Amino acid sequence: MTIVFIRAIILYALIIFAIRLMGKRQIGELQPSELVITILVSNIATLPIEDTTIPMLMGIVPILVLVCLDVIMSGITLKSRFFRRIVSGSPKIIIRDGEIDQKQMEILRFSIDDLMESLHAYNIFDISEVQFAIVETTGQVSVYQKFPYQTVTNQGLKVCEKVQDPPAIVIDDGILLQDALESVGYDTAWLARILAENHVTVREVFLLSVAPDGIYTLVKKQNVSSSESPKRKG
Amino acid sequence: MRRVKLCSLILLSIIVLSIGSVLFLNCKCNQVLSQISAVEVLYEKEKTAEALEKTDELCRLWNQTYKILSILVKNDKLSDINGIMARLRPLLEENNEEVAAELQSAAHQLDVIRKTEFPYLHNIF
């Protein structure tokens, strides 16, 4: 049992290393090769844990080889369009200028139900609203709506431009993030004033997020107070 | 591209280690096989005392080799040879006829391990 325990820890660390080596892409949308690697790695990792007569190397080596090959292949596909097309395929247009490309849907084995399901995810329930629909290499559908149905933007309404960075988390579970505070343009003196106004110390704050214009959201720790402070101007 | 370089390095290391392990396995198996042959020869010549001494040497060599081979080879392939090595001395002391058969069996199994771990085409497929 001790051997199983130690092997499980080692393989867990190895898988974390492997996932980090493959990069953030693995956690998001998967290409076909990445999906294969993910499934294989998870299956291979269980073998030396389940059967202690199998040497650990029989688990470690194939995982590392598969991961390294995947990373190298993704590096090659980054530089070579030809390889990219072979490994990942290319996006296919299934609705062009409002018309469904039925032949393309047949090639992709994409049914009307699949298409409608993808459109529903964009809150589109009428196919006539769609100008272009593209099936990406990951299988996800990207949709470009016709002009009358596109979401209105600030630019479209000619709203005055107001450039502002998003708020930053300045206190995270009682720990002050100095870099974040400086990034929104405030200092510890300002922070001390805000904390004094709310009668809390840094350690008593669960979350403090601050926007560059001084509007902040402060959430106290539950053992201090159960109430969340409304947004205030600092 | 840093990841690609790191992965290329890891892959290269694995290739080198794989080739090294095959050569190492081959070398160790040859050592044990030659020791087994030596015991066989002494047994056939009925030099029991010398055969027993050689058997002890063989068992010591096998114990060392087993520790290293168990990292590279599945344990169930080695467990039979373990059993044979444990039985050898008592059989020799009794001057049992099965000594030759056991030695042949151990030699054969070692040879099988050596051949199955080598990347021949029929092993890969």
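Quick notes
- Across the options A:Y216, A:I76, A:W190, the greatest Cα extent toward the positive end of the charge dipole of the range A:76-234 (unit charges at beta carbon of Lys, Arg, Asp, Glu) belongs to A:I76.
- Summing charges over all other residues whose Cβ lies under 15 Å from the Cβ of B:N75, with Lys and Arg as +1 and Asp and Glu as -1, gives -1.
- Farthest toward the positive end of the dipole of the range A:79-163, out of A:Q155, A:G89, A:Q131, is the Cα of A:G89, where the dipole comes from beta carbon charges about the Cα centre.
- Here the ratio of the Cα radius of gyration of chain B to 2.2 N^0.38 Å is 1.32.
- Here the average projected area of the convex hull drawn through the C-alpha atoms of the protein assembly as shown stands at 31.2 nm².
- The spacing between the range A:176-196 and the range A:92-138, judged by their C-alpha centroids, is 49 Å.
- Farthest toward positive dipole pole in chain B [+1 Lys/Arg, -1 Asp/Glu at C-beta], among B:T55, B:A106, B:Y120: B:Y120
- If only the Cβ of Lys and Arg carry +1 and only the Cβ of Asp and Glu carry -1, the dipole of the protein assembly as shown around its Cα centre is close to 1320 debye.
- Within chain B, helix-based [θ] at 222 nm, where runs of 4 or more DSSP H residues each add -39,500 (n - 2.57), nearest 500: -31000 deg cm²/dmol
- D_trans [Stokes-Einstein, Kirkwood Rh over alpha-carbon pairs] for the range B:1-66, 20 °C, 1.002 mPa s, µm² s⁻¹: 149 µm²/s
- For chain B, size of Cβ-based charge dipole, Lys and Arg +1, Asp and Glu -1, in debye: 1260 debye
Read-outs throughout are calculated quantities, based only on the coordinates presented, and are distinct from any laboratory measurement. All values derive from a computational prediction rather than experimental measurement. Here the Cβ is made from the backbone with ideal geometry for all residues, glycine too, and neighbour counts use every protein chain on show.
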